[in-house]
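Please read the structure below before turning to the comments.
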Amino acid sequence: MADHPKAFVTGFPIRHSRSPLIHGYWLKKYGVEGSYQAIEIAPEGFADFVRSLQNNGYTGGNVTIPHKEMAFALCKKRDSAAEDIGAVNTLWFEDGELWGGNTDAYGFLANLDALGAGWDNGDKALVLGAGGASRAVVYALKQRGFNDIRIVNRTVDRAQALADRFGYGTSAHGWQAIPELLQDATFVVNTTSLGMEGKDDLSIDLSFANSNALLTDIVYVPLETPLLKTARAHGLRTVDGLGMLLHQAVPGFRHWFGATPEVTPELRALILADM
Ligand code: ATR
């Protein structure tokens, strides 16, 4: 077994992670002899864990909350997404050197491309939230050519810090600006934790929304968030957030196991059955 590629996901806590299910499904589907396991590591042990990866026979792995920023700091080599987002969620080795990448933006775009044809036809986007998830989303939207990205946050300073980070084409706003900003935005995304199971609902009045708008949510538990439900009631197009989780796993699997896996309806159903 020693020679088989071995990968992991680590976070703190990690028991809710669905990544082992996703990679387990692909390992079986493609007949790859390898393994992928969840390992819980507390923040104080994370740096040692990363330094001993090769000694412990790991090909690489995924990193999730709260380790993404520390992973960024520990990697001397980083892909451009990680560099611009300031966080690393995927580790792998190239020529013996540890690389850190960020696949969240890729997952976000791939999900919308798969399920929301034409979602990127406009240039005005409304981004709700300014936390870690928002950084990846704003990066992705800039990459895709949106040149008027309005970041709305309860704490405006955080939205401003994000707009300063990404510069041209981004702007910061308070929550009260939503009705006005909704009018011409053709793409709206929730990156806050509102709407998540156990959290408060995200309640915004979508009667001002542009009739061509497509809405999506980073939250995928529940799959149909209050935002998406309201959007559909207004006759607006929606894409749920589960596909982002599935697609963001693709580049990691390719790095560690050498095959490009597919996000299939079967995989989606497997994860849904586990929710
Ligand atoms: P993540 O890394 O998952 O994005 P985060 O950095 O904690 O998590 O960010 C959470 C986001 O949800 C923030 O935009 C936060 O707004 P603040 O910056 O004002 O805290 C937003 N959020 C969380 N609870 C909220 C609430 N009750 N009302 C409005 N926004 C909320």
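The values are calculated or read from the model by the stated rules, or taken from the named source; none is laboratory data. Only a predicted model underlies this, so the values are computations on that prediction, with no experimental measurement involved. Virtual Cβ from ideal backbone geometry, glycine too; neighbours counted across all protein chains shown.
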- Message: Here is a check on your reading of the model: is A110 buried (at least 23 other Cβ atoms within 10 Å of the Cβ) and either under 17 Å from the mean Cα position of the chain (by Cα) or within 15 Å of T216 (Cβ to Cβ) (or both)?
- Response: no
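Let's see how each residue does on (1) in contact with a Leu (Cβ under 8 Å, 6 or more places away or on another chain); (2) farther than 19 Å from S35 by Cα; (3) assigned by TED's automatic domain parsing to the domain that holds F93; (4) at pLDDT 95 or above:
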residue: P222; (1), (2), (3), (4): no, yes, no, no
residue: L236; (1), (2), (3), (4): yes, yes, no, yes
residue: G258; (1), (2), (3), (4): no, no, yes, yes
residue: P265; (1), (2), (3), (4): no, yes, yes, yes
- Note on the structure: Selection over the range 241-269 where residues are over 23 Å from E97 (Cβ atoms) and touching a Phe, Trp or Tyr at 6+ places or on another chain (Cβ under 6 Å) yields a count of 5
- Query: For D200, all conditions in the list (1) at pLDDT below 95; (2) away from the ligand (no atom under 15 Å from the Cβ) hold save one; what is the number of the exception?
  - Reply: (2)
- Message: Being within 20 Å of R144 (Cα to Cα) and more than 13 Å from the ligand (Cβ to nearest atom): is that true of N212 here?
- Response: yes
- Note on the structure: So, first residue in the same structural domain as R154 (by TED's automatic domain parsing) and closer than 18 Å to A161 by Cβ in the range 122-136, second residue more than 8 Å from the ligand (Cβ to nearest atom) and acidic (D, E), Cβ within less than 7 Å, six or more apart or across chains; the pairs are A136/D104
- Query: Could you list, in sequence order, the residues of the range 211-228 that are over 18 Å from the mean Cα position of the chain (by Cα) and in a loop (DSSP other than H, G, I, E, B)?
  - Reply: S211, N212, A213
- Query: Wholly within the range 1-111, which helices (runs of 4 or more DSSP H) include no fewer than the required count, namely at least 1 residues that are hydrophobic (A, V, I, L, M, F, W, C) and closer than 12 Å to G252 by Cβ?
  - Reply: 19-29
- Note on the structure: In the set Q160, Q183, the lone residue that is away from the ligand (no atom under 15 Å from the Cβ) and either at pLDDT 95 or above or among the small types (G, A, S) (or both) is Q183
